[in-house]
Structures are given as C-alpha cells and as structure tokens.
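The structure follows.
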Amino acid sequence: MQISYVGQYNKNAGQPVGTPVPSTAVTSLTAAIRELAPGSIFEGNVSFVKGANVILSLENGQNVHARLDKNALKLVPGQSMFFQVKSNEGGVVAIRPYMGTGTSNPTLMRALQAAGLPMDERNLQMVNEMMKEQMPIHADALADMHRAIVANENISVDTLVQMRKLGLPITPQMAAQFENYRNDTHMLLGQMNDLMEELPQFLESQGMDVPQMVGLNTQLLGILTEGMADDAGQVLQSADATLLPQEMGAEVEGMFFDGEAGAADAQPTVRYAPQQLGAVLDVQTQESFSDLLRSIGDLVENDTVFGENGDLNLNLTAKKMLSLIDHELQTQLAKGGLEADDVKDLLSHKGYQKLLNNVMEEQWLVRPSEVKSKERISGLYERLQRQMEEISKVLKLTGNENSALGHSVEQIRSNVEFMNQVNQIYNYVQIPLKMNGQNANGDLYVYTNKRRARGENGELSAFLHLDMEHLGSTDVSVKMKGKSVDTNFSFSDDESYALVEKYLPILDAKLSALGYNVTLTVSGDRGRMDFVEDFLKKDLPGAGSTGVVHRYSFDVRA
C-alpha cells in the first residue's frame, strides 16, 4: 500500500473518532484495508490508543482500526510512525511498529513510490542494497530487479542484487554457489572428498540383489576410470642414493635404499608409482585384501593378480585391479556363483575403497608439475563435469538422486558450472592439488576482466591462495610487467613465514636465470581473500568505494 510521509498526517490528528463520513469514503476505506496485506508497510498517525486497540489516521483522512502486537512499544496519541501488517483477517488488522531497513531513509521509499512498487521489507532492502552497490534506482531498474526478487523468493535480496550487478545468471543453484564462495565454503576439494567418502558407503549400503550390486558397480567404475591407462609404466629402481626423484622426471614420491646413503653395496628398494597397489595399500591392508580376493571366483588362479609365490601383484595399478575384479564378478554372476555377502564384503573392504579413492584422485586432482599445463586444467574440468553428469544419470535411474552421494554430485556440478560462468567474465579457477602426503585446494585469481582490454601498461596481476596442512593458509600475490616480477608471500603463522623466507634466494636465483627481474617479499597474514569484494568487484566502476551508500537523484514522475 502506497502511503505518503509523516508531515501530511498532522492535519488528521485532531479529527474526532467516529466523525461521520460519506458512503464513498467507507467504500474507499474498505478497499484500503483490503490492500493491507501481511508484510506490507505503511505510515500512520496514532489518533487513539487503549491497550492493544489503536486507531490510525491515514493521509487521506481515513481512520483504520487495528490491534497492536502485544510486544510492541507503548504508543501515544499524536505519534506518527511506520507500521507493518502482521495479519488481516475478517477486517481485523494486526500491526506492529516497523523500524527496519529504509524507514530512516526517505530516498528508499520515494524510489519505490516512483516505481509503483509495494513498500514491503524485501523491496526496501532491495533499494538499499542497489544503492550500496551503486546501481541505478530509476523505475525501470527497480521493476527489473523486483521481478527477479519475486521469482526467487527463497534467495536473499543481497545475493540477488550482487549477482545481477556482476552479470551472473540467477538460478537457485548458482545463487547457492555464489553464497558458498562469498562465505568461503566453496572449496571444490572438500566436495570431492565428500564424494570419495560417500561412494563406497553408497555401494555397500544399497538394499539390492547381487545382479543389481554388480551392475551398479560396473557402471560407476566405467564412469570413474574413463580414459585411464592400465599400466603405470616401469617401476623405478636405482642403487644411486644421490639420485633425486625430480631429477628422474618421475611421478614418484621419493626413493629409499638399504644401508647408508652412497654405500657401494646399497640395495635398491622399489618405490611404487602413486597409482600402483604397492603405494595405494599399506602392508596390513594388502594382506587382508589378498585373502578376500582369493575367495572371489577364480581370481586366486589369475597370474596377473597373484604372482608365482602367491603374493598380490603390487605392480598393478588401482584401475587395472578394479577392472580385473569387475570382470571376475561379471563372469561369476553369469555362472550363478556369486553370493550377496561376498559382494558386500568386497565393496565394504578398506582395500577396495582405497582403490576407488585412488582412481578418483588420479582423475580429479592435479600434481604441482601439471599446473603449468592449461590443457591439463581445462581437461580436468571437462572430464569432471562429464563424469558428474553420468553419475547423476545412474543415480536417477536407480532412484538415488536424493541420496548423500547425489547431493555431493550436484554440489560439484553446480560449483564447476559457477566457475564456468565466472570465467565468461573473469579469470579464476580452483586447482585441487595432489601433493606428497596431503591434498590441497588452490584458488588462482588473475586480475583481468575479459570484457575489458588489458591496461596500457600491460601489467598482469594474479593471486594464489593455498590451504596447506603444514604451511597453513598461504597466499602468493604476483604482479608482472614484461620481465619484471613482484611477488609477495603471506602466511598465517611465524614458522611458515621463517621457513619460506629462508629459501627465497633459491627462487630468486631460478627466476633470474630465466631472465626475470625479481622482487620477492614475505609478510604476515594479509587476511582471507574475499572472493566477491576483492576479486569479482575489483574491475567494476566505483570499486574503490564499495560498501558506501550513495544517494541518487531521480525523477519522481518517471
């Protein structure tokens, strides 16, 4: 209901209650009362108050009888203020004084009046948020924003306004991801870890018969191992204790040798590649998993699975082992030789679950040496999106789309789609990293708005955030112009600060050898990067004054 301002009510304050009014005025008053919908906000002058009963004088000379909220502040005759309708049933209007957003700022209310929009709480907040974001608040802009708010009543107003300003498509899924990023709960690695944990639990917990369990396992393995090689390559051995893994160019975590380093009689000890069973399974799990596999069909007679000495072949990759197990399950199913308990024991075994986790990590995590490859990163997200879509289809066909696993799949899909939308405008990517002894999530921000040409000075700015188990929160900011590189490392604790500072000369030497003029500094904690304020809004007009409410002039006749 559209009501004018307080000063206009004083002329009605002295009107005696019960003064006769024409029948046309009664009809108008009845219509006015019907317009007082729950949640609407209006302004009135207190003409009479006794207990919970109050009579309000409106600017058009009408009086509205209402019941006051029992917890409301005490009112006095002659007082002018805003009220919010709690309910309106059978002609009885229940109200409470309203002191929320906008009542102290007439600009908000005039803007809504000019646009012909209801003066309710969400609309007042809408105008307030648009002003904070320095968006125009003329009638067309407000009407457009109002349509988005009405169509998305379950999304907060500030989220809708910010997404509209940033040019992001508004859907419930995109809004949820936007809020995750804004609240720093967006990490893709965490969502991946949830899925890796839930998938084995999902396989073992479903109340299915043997053909269904085997069939579902086969489908999911086909999706998860897409494009993976069966062979990890030659297992590396060396008797040279001085040879470092990085010098061999191998994807191995390290190398250990019997005897003292450099001893002539040192015997080499094999260090398995990360995807081989020798690295995936600890000794205790190897033993129990071997015993379980010997009970599955004819695997015990398979020379590929067990060597001549009867031990599990630790050179097999996790992907190859899963393929061999799946083939045996299919073979025994066709023969009718599978028991439900045997299949459940397999799917629930720690060894089997470790194999599943390994293939997922190999597919979805990036090693530091691969980060420099643009194709590796883009390929990761293309594959991830494709695999999530395929898993989602399988879950829908089996009626499990609303399971915990289904929720994790949808979270990953939505996160990847959000990053895809952001990358239509900005350069940003999360990098789920596979590192020695831990996995880490990295956020790479490149300060170049794709809708604008790079500045004339040709300077490129980037920011990398890492959450590390031992180093803690680690931030690296880089400014590069030609061959000049200015880099700052920021850490959340003093030990990490001291450790990295100690090795900066090595980094300086390597970059200088590549022809770069380098400035390296280390500082204390800079505070967590704000994805919305520090990145998305950086290139927007007026970014330097974000958060300041600016008052706009507009034509009230528009």
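Work out the charge dipole of segment 124-239 with +1 on the Cβ of Lys and Arg and -1 on the Cβ of Asp and Glu about the Cα centre, then indicate which of G215, Q162, P200 is farthest towards its positive end.
Q162
Would you please give the FRET efficiency between V150 and T185, computed as 1/(1 + (r/R0)^6) with r the Cβ-Cβ distance and R0 = 30 Å, to the nearest 0.05? Don't jump to the answer; show the numbers that get you there.
Details: r = 28 Å, r/R0 = 0.92.
Here the calculated transfer efficiency is 0.60.
Which listed residue (G190, A114, M130) has the Cα farthest towards the positive end of the charge dipole for segment 113-193, taking +1 on Lys and Arg C-beta and -1 on Asp and Glu C-beta about the Cα centre?
G190
In square nanometres, what is the average projected area of the Cα convex hull of segment 275-410? Numbers along the way, then the final one.
Numbers: hull surface 40.6 nm².
For the Cα atoms of segment 275-410, the hull's average projected area reads 10.2 nm².
So, one more: Taking all protein chains together and a probe of 1.4 Å, list V92, V157 from the most accessible to the least accessible. Don't skip to the end; give the middle numbers.
Details: V92 75, V157 5 Å².
Order by accessible area, largest first: V92, V157.
So how exposed is S477, as accessible area in Å² (1.4 Å probe, rounded to 10)?
40 Å²
Can you tell which of S414, T398, I377 lies farthest toward the positive end of the dipole of segment 372-422, using +1 and -1 charges on the Cβ of basic and acidic side chains (Lys, Arg; Asp, Glu)?
So the residue furthest toward the plus end is I377.
Taking the Cβ of E287 as the center, what net charge do the other residues with Cβ under 13 Å away carry, scoring Lys and Arg +1 and Asp and Glu -1? All intermediate terms of the calculation are to be shown ahead of the outcome.
Numbers: positive: R294, K350; negative: D282, D291, D311.
Counting the neighbours of E287, the net charge comes to -1.
Top to bottom by accessible area (1.4 Å), largest first, where do R376, R164 land?
The ranking, largest first, comes out as R164, R376.
Give me the accessible area of R383, 1.4 Å probe, in Å² rounded to the nearest 10.
Counting only protein heavy atoms, R383 exposes about 40 Å² to solvent.
For the peptides 386-392, 84-90, what is the packing order when you average, over each peptide's residues, the other Cβ atoms within 10 Å and list the highest mean first? Could the numbers behind the result be given before it?
Values: 386-392: 17.6, 84-90: 15.0.
Highest mean packing first, the order is 386-392, 84-90.
State the percentage of accessible surface on segment 132-176 attributable to carbon and sulfur atoms; use a 1.4 Å probe and exclude ligands, DNA and RNA. Walk me through the numbers before you get to the answer.
Values: 1000 of 1950 Å².
The value for segment 132-176 is 51 percent carbon and sulfur by accessible area.
At 1.4 Å probe size, with every protein chain present, just tell me what the per residue accessible area of segment 338-441 comes to in Å².
Numbers: 4450 Å² over 104 residues.
Solvent-accessible surface per residue comes out at 43 Å².
First measure r as the distance between the Cβ atoms of S484 and Q424, then evaluate 1/(1 + (r/R0)^6) with R0 = 30 Å and state the FRET efficiency to the nearest 0.05.
On the way: r = 30 Å, r/R0 = 1.01.
Taking R0 as 30 Å, the efficiency between S484 and Q424 is 0.50.
L511: net charge of surrounding residues, Cβ under 13 Å, Lys/Arg +1, Asp/Glu -1, itself excluded?
On the way: positive: K483, K510; negative: D486, D508.
Surrounding charge for L511 is 0.
Leaving ligands, DNA and RNA out of it, rank H146, H65 by accessible area with a 1.4 Å probe, largest first. Write down the numbers at each step before the final one.
Numbers: H146 40, H65 115 Å².
Final ranking, largest accessible area leading: H65, H146.
The values are calculated or read from the model by the stated rules, or taken from the named source; none is laboratory data. Keep in mind it's a predicted model, so treat the numbers as computed, not measured. So basically every Cβ, Gly included, is an ideal-geometry build from the backbone, and we count neighbours across all protein chains shown. When the accessible area is computed, the model is the full protein with side chains, heavy atoms only, and any ligands, DNA or RNA have been set aside. Shrake-Rupley method; radii C 1.70, N 1.55, O 1.52, S 1.80 Å.
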